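Sharing a structure with you now.
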Amino acid sequence: MIVKSLKEVKELFPLTEEEERAFKEVVKVYPFSSTVYYLELARKSLAVRKMLLPSLLEIDPSVQGRGEEDPLREERDFKVPLLTHRYPDRVLIITTNYCPVLCRYCMRKRNWKKGVFYITEREIERCLKYIADNPKVRDVLISGGEPLLIPAEKLERLLIGLKSIDHVEVVRIGTRLPVVWPERVLEPELLSLLEKAQKVWVNTHFNHPDEITPLSKEAVLALLKRGIPVNNQAVLLKGVNDSVGVIEKLLRELQKIKVRPYYLFHCDPVKGVMHFSTSITKGLDILRELFKRLSPLAIPYYAVDGPGGYGKVPLLPQRFKKLGNFYEFEAYDGRLFTMEDR
Ligand code: SF4
């Protein structure tokens with residue numbers, strides 16, 4: 001069940017006076033939506049509450065002033081409607097702007113005001129033709145909104161269409177469903193389709209260890225059992241997960257459920273989201289510490305997405321420098337050593 005109104009939220013759990021005031025003001029600009037499952041989680045977790053409930057900071061011009069609606073210029077790069085082709089071997093297809101849970105830090109918040117759209121059959125055919133005509137495209141990212149909730153026959157046409165294009169090797173689906181509505185992932189028809197589509201990888205989106213619950217684990221396991229690899233893309237969010245302790249716990253818990261931490265994104269400078277921004281220095285400090293505590297298999301790429309449409313740049317804390325014909329390196333525990341650059 002989807003909850004959208006203040007009345008429905010208050011029936012499930014009490015809001016503070018400030019939360020109620022923010023709800024009333026902010027939804028005029030940025031709406032609210034949640035599953036009952038995720039609201040229940042917000043009742044128990046302050047971090048989830050921050051990602052879910054509207055905050056007055058979203059509409060405070062002194063905080064949001066430097067944010068842009070679409071800093072990554074996603075729409076400028078459409079080759080056919082809803083398909084972006086920026087990197088030579090990869091394309092992105094936006095299938096809908098519908099999400100059952102509206103995350104307050106969403107980089108596509110601009111689409112919330114447009115009314116719900118789903119990719120049409122004609123648009124699917126145009127995307128498939130574009131990809132079939134471009135043999136360099138080997139990796140297709142299906143995103144949204146929530147792509148797993150587009151009408152089943154459209155999802156099937158898209159996935160089976162991609163399966164039949166030989167040069168497409170990987171189909172990545174960016175979905176937050178395992179986190180916010182795991183019961184839907186467990187639907188047998190959906191799981192069968194994802195398995196049948198063969199090329200599918202799921203990129204999900206846990207930001208905080210509190211989001212890893214028995215039910216979300218079950219959803220992930222169901223995907224893995226059908227041979228669908230599951231990776232995670234988190235976003236570094238001020239006041240939610242911007243500490244070494246929280247990120248370390250998130251990454252360890254993800255590894256326990258066999259989800260590979262893939263990206264930790266720096267928060268994009270999006271209007272309505274600026275209050276979640278941390279400094280890049282803070283992100284690098286966290287990463288530096290993670291390298292001391294975790295094996296590389298548990299460490300995601302920390303990446304910025306270049307405003308203006310430059311694409312993603314992975315960042316690493318600088319742990320070496322060139323000294324004449326030698327490199328000087330810093331070991332995990334801070335000791336220094338050198339190697340000749342032969
Ligand atoms: S699931 Fe993704 S697209 Fe949907 S609101 Fe959350 S961050 Fe935005």
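The values are calculated or read from the model by the stated rules, or taken from the named source; none is laboratory data. The structure presented is a predicted model; accordingly, all values stated were derived computationally and were not measured. Here Cβ is always computed from backbone atoms with ideal geometry, including for glycine, and neighbour counts include all displayed protein chains. Areas reflect the complete protein model, heavy atoms only, side chains present, ligands, DNA and RNA absent. Shrake-Rupley method; radii C 1.70, N 1.55, O 1.52, S 1.80 Å.
In a Gaussian network model over the chain where Cα atoms closer than 10 Å are linked, find which of Arg176, Arg126, Arg319 has the largest mean-square fluctuation.
Arg319
Taking the Cα-to-Cβ direction at Arg21 and at Leu215 and moving 7 Å from each Cα, how far apart do the two end points lie in nm?
It is 3.3 nm.
Can you pull the accessible area of Ser45 for me, 1.4 Å probe, Å² to the nearest 10?
10 Å²
A follow-up question, please. In whole Hz and in residue order, list the ³J(HN,Hα) couplings for segment 266-273 that follow from phi through the Karplus curve 6.51 cos²θ - 1.76 cosθ + 1.60, θ = phi - 60°; x for Gly and Pro.
These are the phi-based 3J(HN,Hα) values: 5, 5, 6, x, 9, 4, x, 10 Hz.
Need the full-extension length gain, Lys44 to Val116, defined as separation in residues times 0.36 nm minus the C-alpha distance. One decimal, nm. Could you put the intermediate results ahead of the total?
Details: separation 72, 0.36 × 72 = 25.92 nm, distance 3.01 nm.
Additional length available on full extension: 22.9 nm.
List, in the order given, every pair from Lys256/Lys322; Lys44/Lys292; Lys4/Lys238; Lys28/Lys312; Lys163/Lys258; Lys24/Lys271 whose Cα-Cα distance in the structure shown is over 29 Å. Provide the component values of the computation, followed by the final result.
Numbers: Lys256/Lys322 38 Å; Lys44/Lys292 31 Å; Lys4/Lys238 25 Å; Lys28/Lys312 32 Å; Lys163/Lys258 25 Å; Lys24/Lys271 19 Å.
Flagged as over cut-off: Lys256/Lys322; Lys44/Lys292; Lys28/Lys312.
Taking a spot 7 Å from the Cα of Glu340 along the direction of its beta carbon, which residues of segment 312-334 have an amide N less than 16 Å from it?
323-328
Just to be sure I understand: with springs between alpha-carbon atoms less than 10 Å apart, which residue in Ile165, Ile93, Ile228 has the highest mean-square fluctuation in the Gaussian network model of the chain?
Comparing Ile165, Ile93, Ile228 in a Gaussian network model of the chain, the most mobile one is Ile165.
To continue, here is another question. State which stretch of the chain is the longest one without any exposed chymotrypsin sites (Phe, Trp or Tyr not before Pro), exposure meaning a DSSP loop state and at most 14 other Cβ atoms within 10 Å.
On the way: sites that count: Tyr310, Tyr332.
That would be 1-309.
Please check which bits of segment 38-70 a label hung off Leu12 would reach, taking the label as a point 7 Å along Cα-to-C-beta and the cut-off as backbone N under 12 Å.
38-44, 49, 52-53
Continuing with this model, one more query. Using 1/(1 + (r/R0)^6) with R0 = 41 angstrom and r between the beta carbons of Ser192 and Val29, what's the FRET efficiency to the nearest 0.05? Could you put the intermediate results ahead of the total?
On the way: r = 40 Å, r/R0 = 0.98.
Rounded to the nearest 0.05, the efficiency is 0.55.
Same structure, new question: Restricting things to alpha carbons, find the Rg to Rh ratio for the chain using the Kirkwood radius for Rh. The partial results should precede the final answer.
Working: Rg = 20.8 Å, Rh = 21.3 Å.
Taking Rg over the Kirkwood Rh, I get 0.98.
Taking Cα centroids, how far is segment 47-112 from segment 283-342 in Å?
Measuring centre to centre over Cα atoms gives 29 Å.
So, one more: Of the residues Leu177, Leu297, Leu52, which exhibits the maximal mean-square fluctuation in a Gaussian network model of the chain defined by a 10 Å Cα contact cut-off?
The residue with the greatest mean-square fluctuation here is Leu297.
Let me ask another. Give the relative contact order (percent, whole number) for the chain; include only Cα pairs under 8 Å separated by 6+ residues. Please report the intermediate quantities before stating the final value.
Values: 605 pairs, mean separation 52.7, N = 342.
Relative contact order of the chain: 15 percent.
How much length is gained on full extension from Arg319 to Leu224, taking 0.36 nm per residue of separation minus their Cα-Cα distance?
30.6 nm
Give the accessible surface of the chain per residue, rounded to a whole number of Å², with probe radius 1.4 Å and ligands, DNA and RNA excluded. Intermediate results must be reported in sequence, preceding the final value.
Working: 16310 Å² over 342 residues.
Solvent-accessible surface per residue comes out at 48 Å².
Can you send over the carbon and sulfur percentage of the accessible area for the chain, probe radius 1.4 Å, protein chains only?
Working: 8950 of 16310 Å².
Roughly 55 percent of what the probe reaches on the chain is carbon or sulfur.
Could you give the length gained on full extension between Glu328 and Tyr87, defined as 0.36 nm per residue of separation minus the Cα-Cα distance, in nm?
Computed gain between Glu328 and Tyr87 is 83.4 nm.
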